[in-house]
Amino acid sequence: MKKCVICDKFLTGNQRKFCSNACKQSEHWYKIKNQRNTYHNQTIRAYKRKLDLIKLSGGECQECGYKKNLSALQFHHRDCNTKNFPLDARTIANKDWNLILIEHNKCDLLCSNCHFEHHNPEMEWQNVEKIIGPLAQLVRAADS
């Protein structure tokens, strides 16, 4: 007599592999858990790869030395014309590691603040004050 592949109970009637729906569902869970391309596994792989890339880049922002939060560290392409793909979590989870390393060699590691400042130099206080006048000065004085 055949037994359930999950709990070893004897199968009856038309049962071929599982004795109950609960056993069938648990096998499905174990199968998904061990698959490489589930959302969970992709997220873990992306974090590990980002950590490896950060270590290769010196472990901190190359402009200010920030290293407190992993999500605040970003890869900035020195020349946007050579950019083949972004080095974000979704992309690095699923790309070939050798392609990621080639792309990484085109980048600097920056914290999000330095990255935004690099891409938006026109937003420095002096420029904003020239554009909108005294209102910016009042906001800036309130912050200090």
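No lab work stands behind these numbers, since they all come straight from the coordinates. Fair warning: this is a prediction, and the values are worked out from it, not measured in the lab. Cβ coordinates were reconstructed from backbone atoms using ideal geometry, including for glycine residues, and neighbour counts include every protein chain displayed.
Structural descriptor for the chain: relative contact order 18 percent, calculated from alpha carbon pairs under 8 angstrom and at least 6 residues apart. The amide H of Gln74, built 1.01 Å from its N in the peptide plane, has Leu110, Cys111, Ser112 as neighbours under 5 Å, considering only residues 5 or more places off or on other chains.
Give me the aspartates and glutamates in straight-line cross-link reach of Lys95: C-alpha distance below 15 Å, same-chain residues under 8 apart excluded. Partners found: Asp52, Glu103.
Per residue of the chain, the DSSP helices (runs of n ≥ 4 H) give a summed -39500 (n - 2.57) that works out to -14500 deg cm²/dmol at 222 nm.
Straight-line cross-link partners of Lys24 among the aspartates and glutamates, defined as a Cα under 13 Å from its Cα and at least 8 positions apart when in the same chain: Asp8.
For the Cα atoms of the chain, what angle does the longest principal axis make with the long axis of helix 39-56, in degrees from 0 to 90, nearest 10? For 39-56 against the chain, the angle is about 40 degrees. For segment 70-125, the list of GluC sites (Glu not before Pro) that fall in a loop by DSSP and count at most 13 other C-beta atoms within 10 angstrom reads Glu124.
For the chain, report the translational diffusion coefficient in µm²/s to the nearest whole number, using Stokes-Einstein at 25 °C, 0.890 mPa s, and a Kirkwood Rh over Cα pairs. For the chosen part, D equals 124 µm²/s. For segment 39-115, a/c is not less than 1.5, where a ≥ b ≥ c are the root eigenvalues of the C-alpha gyration tensor, and a/b does not top b/c. That puts it in the oblate class.
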